[in-house]
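Please read the structure below before turning to the comments.
The values are calculated or read from the model by the stated rules, or taken from the named source; none is laboratory data. Treat the numbers as computed from the prediction; the structure is a model and nothing was measured. Cβ placement follows ideal geometry from the backbone for every residue including glycine, while neighbour counts extend to all protein chains displayed.
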């Protein structure tokens, strides 16, 4: 992709490396030139590609839906309006079926999560070499185009959901009610240490499972695309077979990217519903 001769291992490592900005060993700030340099930058390093694509896709979502809302008509709606209305009705029906409380934030949050995560996942269907090759032509050495293959992005979203879970748990139940759930269930006051351990693990598992499920599925999908791309350079026979694999996996992956966005959204709604329920 770069005009250089790379081994299969080097090719895979190159495609899995983020465009990382942080403090270099000499004390200056700049772009990392390799995984080792990125690792030395530590916690405060920024993955510019993840931030750029995720924010850009979020702006695309907001701009598109705002455009449709401004041009919405009750007469004969166009195809785009029909599509957006279908998505909104689908999300609204899903929320009504999963959320028993009353909170005007939940449905818009569910819509935002579903569309945003879907768009980030959809980047996985772009051929693995196209955007990195275009970036390399402009002097950018590394570029990962699927934000959800970066655990920083998936944990960022899941921790935001976790913060909402804690906020509404305390707001609806009060500090005493929230602590009571952690310490008095399921075995009552005599099983307090066991209750705290079980409920604490259950609470912490929510953001961890949200983040790792999305990251794991998308990372595995991206890895398969990269491995198929490696096969193109192994002769015409394997290259032809790779073309069939690429088509088949891309078609199947459309289901995966949609399903993962839906699961992240539904679990968020379910967790928020649990946060709104009071136990007596």
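Number of residues in region 124-141 that are in contact with a helix residue (DSSP H, G or I) (Cβ under 7 Å, 6 or more places away or on another chain) and part of a loop (DSSP other than H, G, I, E, B): the value is 2.
Results for (1) more than 30 Å from residue 263 (Cβ to Cβ); (2) touching a helix residue (DSSP H, G or I) at 6+ places or on another chain (Cβ under 6 Å), shown as yes or no for each residue.
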{"residue": "178", "(1), (2)": "no, yes"}
{"residue": "189", "(1), (2)": "yes, no"}
{"residue": "193", "(1), (2)": "yes, no"}
{"residue": "199", "(1), (2)": "no, yes"}
{"residue": "207", "(1), (2)": "no, yes"}
{"residue": "211", "(1), (2)": "no, yes"}
{"residue": "229", "(1), (2)": "no, no"}
{"residue": "232", "(1), (2)": "yes, yes"}
{"residue": "241", "(1), (2)": "yes, no"}
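Just one of the listed residues (96, 102) is assigned to a helix (DSSP H, G or I) and either surrounded by fewer than 13 Cβ atoms within 10 Å (Cβ to Cβ) or touching a strand residue (DSSP E or B) at 6+ places or on another chain (Cβ under 7 Å) (or both), namely 96. Checking every residue in region 44-65 against the condition of being part of a helix (DSSP H, G or I), out of contact with any strand residue (DSSP E or B) (no Cβ under 9 Å at 6 or more places or on another chain) and farther than 26 Å from residue 255 by Cα gives zero matches.
The residues on offer are 242, 229, and the sole one that is at pLDDT below 90 and either more than 28 Å from residue 153 (Cβ to Cβ) or surrounded by fewer than 18 Cβ atoms within 10 Å (Cβ to Cβ) (or both) is 242.
With respect to the conditions (1) crowded, with 20+ Cβ neighbours inside 10 Å; (2) more than 14 Å from the chain's Cα centre (by Cα); (3) modelled with pLDDT of 90 or more; (4) under 21 Å from residue 254 (Cβ atoms), residue 143 falls short on a single one, namely (4).
Criterion first (touching a residue at least 60 places away in the same chain (Cβ under 8 Å) and part of a helix (DSSP H, G or I)) does residue 197 satisfy it? When the stated conditions are applied, residue 197 does not pass them.
Just so you know, in region 142-189 the residues that are outside any helix (DSSP H, G or I) and without any contact (Cβ under 8 Å) to a residue 24 or more places away in the chain include one that is nearest to residue 35 (Cα to Cα), and it is 186.
Residue 223 meets all of the listed conditions (1) surrounded by fewer than 16 Cβ atoms within 10 Å (Cβ to Cβ); (2) at pLDDT 90 or above; (3) over 20 Å from residue 15 (Cβ atoms) but one, namely (3).
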